[in-house]
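**Q** This is the structure, below, for whatever I ask next.
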Amino acid sequence: MEYPLTARRVALSALAVCAVAAATACGGAQGDEAAQQDPNAEEAQRLHSAQLAQFGDAKVAPDRSETGTYSQLSTTRQTDKLRKTAELDKPRCMEAANQWAELPEVRKAPTSLATYARGDDTITHTLIKVSEETAAEVVGAAPPEGCDEYSATMEDGSTTSYSLQEVELEQEVADGSRAFAVETALGGETVWLYSLVYRNGGLLGTTSMLGPNAEDDYRETITAFTEKAVEREEEVLA
């Protein structure tokens, strides 16, 4: 299965899972002119310098990574566009796993998004510079009640059902963390999106993993990746 295409379908139909899921399909570096016009370009590049180059056999994909103001990233703009065309049976679940994406401070914050390929799996790591208060608010937010099961219908009439659950982590990451998993069936196969959101001082970070979870290791992988990412952040951004 070609998961960049699957990621697009997930973004088209689920939107509530996590904005960064769309990055595996439509993310990409902004053009030089757009970067120069972005007031957060320099700080976003600084954040980008703290991204891991590789994690195990997962290597960064520069053509699916980007920097800049969160609301201006191509990934965010694509997700915003798709959000307008999706109809959920439970509208409150539209941002069930990433309610933070609509916070005003996040929308205008410098951001680095890096995408990594690992066989049939895709890992996406996002760093956003916000206040410690906002980062703590994000990590402390639980999904809206009743969003453990929901479905989304697109303009073409296709409907897909999703199952959302909170994932228990063996240990807290950085200054606070929370994790979620979304399961859906596409083309007769089960696809998972695991997402871990954490606070590292005034940094809001998310690690997401999309794919079949064939080795049943996504929870452990996003935790291990995030721990290494935090180490790198503290080395480069301290």
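**Q** What distance in nm lies between label points placed 7 Å from Cα along the C-beta direction at S151 and E102?
**A** 2.3 nm
**Q** Turning to a different aspect of this structure: Is segment 40-108 best put as rounded, prolate or oblate by its Cα gyration tensor, with a ≥ b ≥ c the root eigenvalues, rounded for a/c under 1.5, and otherwise prolate when a/b is larger than b/c, oblate when not?
**A** Prolate is the answer for segment 40-108, as a/c is 1.5 or above and a/b outweighs b/c.
**Q** Take the cross-link list K90/K129; K84/K108; K129/K228; K81/K108 and give me the ones stretching past 23 Å between alpha-carbons.
**A** With Cα atoms farther than 23 Å apart: K90/K129.
**Q** Compare the peptides 165-171, 129-135 by average per-residue count of other Cβ atoms within 10 angstrom and give them in order, highest first.
**A** Highest-to-lowest ranking by the protection proxy: 129-135, 165-171.
**Q** Could you sort W100, W192 by their accessible area in this structure, using a 1.4 Å probe and putting the largest first?
**A** W192, W100
The values are calculated or read from the model by the stated rules, or taken from the named source; none is laboratory data. What you see is a predicted model; the values in this text were computed from it and never measured. Because the Cβ atoms are built from the backbone with ideal geometry, glycine has one as well, and the counts that use them run over all protein chains shown. For the accessible areas, the whole protein counts, side chains as well, though only heavy atoms, and no ligand, DNA or RNA atoms are used. Shrake-Rupley method; radii C 1.70, N 1.55, O 1.52, S 1.80 Å.
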